[in-house]
Structure formats: structure tokens, C-alpha cells
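Below is one structure; the comments refer to it alone.
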Amino acid sequence: MSSNSNQREYKYFSDIIGDSYKEWMNTKIILDGGTGTGKTYFVLNILGKYARSQKKTILYLCNRSKLRNQVYDRIRELKLRGTVYVTSYQALQKKIQQNEAIPQYDYIISDECHYFTTDARFNDYTDIAYNFVMEQQTSTVLLISATAKSFFQNLINSGKVESKNYYKLDKDYSYVKKLYYYKKDELRGLIDDILGNEQESKIIVFCNSGDRIIEMNKIYGDRACYYCSQNAKSEKLKRLCGWKEKKDPICIKRYSENLITFDKRILFTTSVLDNGVDLKDRNIKHIITELVDIDTMIQSLGRKRSLDVTDHCTFYVRLYQKKGLQGFINGVKKQLAPVNLFKNNYTEFYEEYGNGKKRKIINKNEIFYNFFGKENTFASIRINECKYRKYSQDYEMFTCMKEMGHKEYLEGILEEALIKDAEEVVCNVEELDIFIQFLKSIENKRLYATDQFFIKSEFESVGLKLRYKGINTFNGALDDIYKDIYKCRFYNSTIEGKAYIDKRRKLENGLDNPNRDKRYWILEERKAG
């Protein structure tokens, strides 16, 4: 935090900074504070007007188009056009890649600067904007975020930002009713307890992987909504989440300025929901997060926007055991190992990865920019420094979590207002047959040829290696292992022998039926005879 004041006495950045901004000259400044702490107000109403009076200019960088448009509207209202120029990191990166000249600015505002690290995992070019911002020698750079604790700590530890220039105000967590910690196996009991005891409350669950969403779909089926990235690798996951022809998933709906929500009682999502999606709905009362990355986890907890002082929410954070944390460490080490060797000893790196099967490891590495040339030749490959920095930070974070314990680590980095009354939740966890839950989730639904492929994969997930995906094969497998405990089987025709064919012109939502005139199966209760 800034060493020149006790920030707990203040509510807004304009108070904590005072007139110090007039002395800033070609330096780096951190503004670490949540919604309502006046970050944008300070930048535009105070620093912006000051810059206008001094005939200085400001470049305002945004991570999302929605934020860019909001900032531009405010610039216009304050008559700061000609002083403040707003653009996106992505547009800046494109200009730099195309060798376009970037004007000199007296101030550069790097808003939502967690973009450099959280987006680095899926954006190959965040380091271009990062290098531009951090290499400025004749501009004062303001790095602003509410959810960049790890990133900011790294900047301080590495000396890129002086500790006296770190201004911090705690986020207002008055809308948080309670924070609970839970373990992996308690998730279903937690959800079912809420559904059973609260009539209208909605739940957001941030899953740590797409596979976890698919697993939850086997249990909750049509009772929940599902959300993932349009660029998800799993076609099964994208189909489940409603991506089609590059259209937005239908589960997130905007009814009005103060009602942006999902219609079912549960939403299972990956961390992609962190990126620019704000939900507003008084019925969203519970947010459960499995995300282990600290900055992303904090962002997930802030996805629901509180409408007023009566709009409260309960948070649940999953605790990881040492074995799970070691899995994260191993995954990060796998990415870092060849990169560290490349940086420290290229000759040894080339001997290790230059030829044979190991060369393919480099092609798949997420930190290197490009493919590793042809065999038997030295290749020109580059490192995405933002990704390298992110993976290095993750390695340090996961290692500390394992050594200290996950809960102890969280309590050392999360704000006191959030964790002071936190408790561990204890649920009665029943042993669950996930395969049975999957079968129940597809009962009485039309199952087309495309569905039969993933049904086969589900059978194989429980150790049933099926040579064919025919209806008799599936039913035979059900008889072998579930005859006495599961009541349904697959049918492809009526009792009279008439094939099931989908004759619907329109779906229930009014759209054309893409499966019209196609054959399908039904999984339903066993028929007599």
C-alpha cells in the first residue's frame, strides 16, 4: 500500500492520493481498489481535468469494448476530448504489430490491467501491450485493477513499481452475507441443500474445467444452464453450452438494465464468465467457485453486481488438498521446464528438444510463440513473456499454497472484510454413481445419431469397452451391470414397431427444428413383454 497514509481512513482514491498526482513524473503508479472506490472518478475528474489545464494528454487503455464505450461517454460529458484518448489493448497491440506510430502521451491509464495476466492464458499478444506500457520512459503509467493482487505483488517484488506508489483501498464487501470454504466432494450436497431449502435462490458455480461442467451436466441435466468459451476445444462442451454458428449462448439474457441473468436456478460456467459479463438479479444469492488462481477467483466472486444495500450474496470457495495442488504444480512445471532451458542454455535445449518426438512438445508448449522449425536445424523461436510471467507466478502461488495450506494462503491474501467470519461448510456427502446420474439426465429425450457417439463415450468412461454404438449393444451393457438397479432402456420404435422419427417443424423456442425427419432413440422405462 502507499506508505504516505493509512488507507483505512479513506473511502476514495481522490482522498488517499490528495495532490500527490501533481508531482508524478515518468513513473509507475498502482491503484488497487474495488468497485465504488473512485478509480475512474480520480482518473477523469481529477487527473483528466488537471491534464487539460496543463495541456497534457492521456491514453486510456481498456480491456473490453463495454468499458471503452463507458469511458468514452464520460470523456465526452466532461469535455475531455482532445485530452483523453481511449482505446483497447487489442487495438493498441494491432497498431504495434503493424508498425504504426504511437503518439507520445504524458499519462497512460492501464485500466483493468489484470488483462496482462488473466488473458495471457488464451491471448498470444498480451505481452505486446504489456511491453509498451512498462517500457514507457517519458510517461506516467497508472496500473488499475480490483483483482490483480498477484500481478501487483510481482511488480512490487521485482522493483518495477516503488512501494510508495502503491495506493490500495479495500473493496466494499458489505453485500457479502458470508464466505464458506468447502471441499470437492461437498459440491453436490451444497447445491442440493440450497435448492431444497430456498424456493427462488439462484446459484452460479465457477468450474475449474470444461470436464467438470460435463460432469455436473450428468447430475443436473436440464435443471441447469451451462456456459463456456466459444473457443473451447471440446465440441461436446460447446454443444452443451449452446454455441452454434458463432451466436451468443442463449443462457445469459438481458431483460433490462437491472436484470441480466439466466432463467434456470443453476449456472455452471468456466472462468470465461469473468470476461466482461456482469449479472444483475436479486435471486442470485449464491456464488460457488472452484477456481484456484487468486486473481481469477476474486473476479468470479464479483460477477454478480449488487443492486442496493439489500441485495446480498453468499460466497463459497473450494479448498484444494496437497495432492490437487501438486497436480497444478506439475502442469505448470511441464510448460516452464523447456522454456527455462531455452532461456538458460540453448545448446542443451536443442539437444533435448531439437529432434525426434520431443520436438512436438515444443510445438504444443503454450509459452513459446511459434513452431520449432524443421528437424536438424536451429530455429528462431520466441517466448511470450506475459505467458512466461503468468506461469512463473502460478508456480510460485501453487507452491506456496501447498507449503502453507490452501486455506492459510487464502487468509493471508484475501481482504479481512471478506474472511473475518469465514467458516468451513460440512455437507453429508452420499456416494454417487455418476453414470446413473448421466443416464437419468437423458431419460425421455430424443437421442439422434450425433448423441449416440457421446453416449458410447460415457459407457466407456465407466470401463465398458464397446465395439459398436448400436442400440442392442447399449441395452446389453445396461442389462449386464444395471439390470436390477436401473429401470430404463433404449428404444428406437413404438410398441407397434413404428420407428421414432422427429416430425416437428419448430422447436419450443420458435426456431426451426434442425433434426426434422431424423430418426431418434428414447431412453425410457422398460416396456412389458
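Just so you know, in segment 125-147 the residues that are surrounded by 24 or more Cβ atoms within 10 Å (Cβ to Cβ) and assigned to a helix (DSSP H, G or I) include one that is nearest to the chain's Cα centre (by Cα), and it is THR126. For segment 212-233, taking the residues that are of a type in the set (Gly, Ala, Ser) and closer than 17 Å to LEU273 by Cα, the one that is farthest from the chain's Cα centre (by Cα) is identified as ALA224. For the structure I just gave you, tell me whether ILE102 is among the hydrophobic types (A, V, I, L, M, F, W, C) and open to solvent by less than 20 Å² (accessible area, probe 1.4 Å). The answer is no for ILE102.
On the stretch given as segment 34-70, residues that are open to solvent by 50 Å² or more (accessible area, probe 1.4 Å) and small (Gly, Ala, Ser) total 3. In the condition set (1) assigned to a strand (DSSP E or B); (2) open to solvent by 30 Å² or more (accessible area, probe 1.4 Å); (3) of a type in the set (Val, Ile, Thr), ILE156 is compliant with all but (1). Scanning segment 109-122 for residues that are surrounded by 20 or more Cβ atoms within 10 Å (Cβ to Cβ) and either at pLDDT 90 or above or not small (Gly, Ala, Ser) (or both) gives ILE109, SER110, ASP111, GLU112, CYS113, HIS114, TYR115, PHE116, THR117, THR118, ASP119. For LYS333, state whether it is under 26 Å from the mean Cα position of the chain (by Cα), open to solvent by 10 Å² or more (accessible area, probe 1.4 Å) and closer than 30 Å to ASN258 by Cβ. No. Of the residues screened, TYR72 is one that is of a type outside the set (Gly, Ala, Ser), part of a helix (DSSP H, G or I) and without any contact (Cβ under 8 Å) to a residue 24 or more places away in the chain. TRP243 meets all of the listed conditions (1) farther than 14 Å from LEU267 by Cα; (2) of a type in the set (A, V, I, L, M, F, W, C); (3) modelled with pLDDT of 85 or more but one, namely (3). From the list PHE116, PHE122, PHE151, the one residue that fits, being closer than 28 Å to SER229 by Cα, part of a loop (DSSP other than H, G, I, E, B) and either in contact (Cβ under 8 Å) with a residue 24 or more places away in the chain or in contact with a Cys (Cβ under 7 Å, 6 or more places away or on another chain) (or both), is PHE122. Counting only helices (runs of 4 or more DSSP H) that fall entirely inside segment 342-430 and contain at least 2 residues that are open to solvent by 40 Å² or more (accessible area, probe 1.4 Å) and modelled with pLDDT under 80, the qualifying elements are 358-364. Being more than 13 Å from LEU142 (Cα to Cα) and in contact with a Leu (Cβ under 9 Å, 6 or more places away or on another chain) is the requirement here; does GLY34 meet it? Answer is yes for this residue. State the number of residues belonging to segment 442-469 that are under 19 Å from GLU235 (Cβ atoms) and at pLDDT below 75. So the count comes out to 3. Is it the case that SER163 is open to solvent by 50 Å² or more (accessible area, probe 1.4 Å) and touching a residue at least 24 places away in the same chain (Cβ under 8 Å)? It is true that SER163 is open to solvent by 50 Å² or more (accessible area, probe 1.4 Å) and touching a residue at least 24 places away in the same chain (Cβ under 8 Å). Whether a residue is open to solvent by 30 Å² or more (accessible area, probe 1.4 Å) and either of a type in the set (Asp, Glu) or modelled with pLDDT of 90 or more (or both) was assessed, and GLU200 passes this test. On inspection, ARG223 qualifies as touching a strand residue (DSSP E or B) at 6+ places or on another chain (Cβ under 8 Å), open to solvent by 30 Å² or more (accessible area, probe 1.4 Å) and more than 28 Å from ILE294 (Cα to Cα). ILE191 meets all of the listed conditions (1) among the aliphatic types (A, V, I, L, M); (2) more than 23 Å from ILE436 (Cβ to Cβ); (3) surrounded by 20 or more Cβ atoms within 10 Å (Cβ to Cβ) but one, namely (2). If you check LEU336, LEU307 for being closer than 18 Å to ASP293 by Cβ, touching a residue at least 24 places away in the same chain (Cβ under 8 Å) and not charged (D, E, K, R), only one passes: LEU336. Look at segment 500-529: where a residue is free of Cβ contacts under 8 Å to residues at least 60 places away in the same chain and a partner is open to solvent by less than 60 Å² (accessible area, probe 1.4 Å) and aromatic (Phe, Trp, Tyr), sitting 6+ places away or on another chain with Cβ atoms under 9 Å, you get TYR500/TYR491; TYR500/TYR520; TYR500/TRP521; ILE501/TYR520; ASP502/TYR448; ASP502/TYR520; LYS527/TYR491.
Taking the criterion of being in contact with a helix residue (DSSP H, G or I) (Cβ under 8 Å, 6 or more places away or on another chain) and of a type in the set (Lys, Arg), the residues of segment 134-183 that qualify are LYS149, LYS160, LYS168, LYS171.
The values are calculated or read from the model by the stated rules, or taken from the named source; none is laboratory data. Just so it is clear, the structure is predicted and the values come from calculations on it, not from any experiment. Counting neighbours? That spans all protein chains shown, and the Cβs are built from the backbone with ideal geometry, glycine included. Quick note on the areas: whole protein, heavy atoms, side chains included, nothing else; ligands and nucleic acids left out. Shrake-Rupley method; radii C 1.70, N 1.55, O 1.52, S 1.80 Å.
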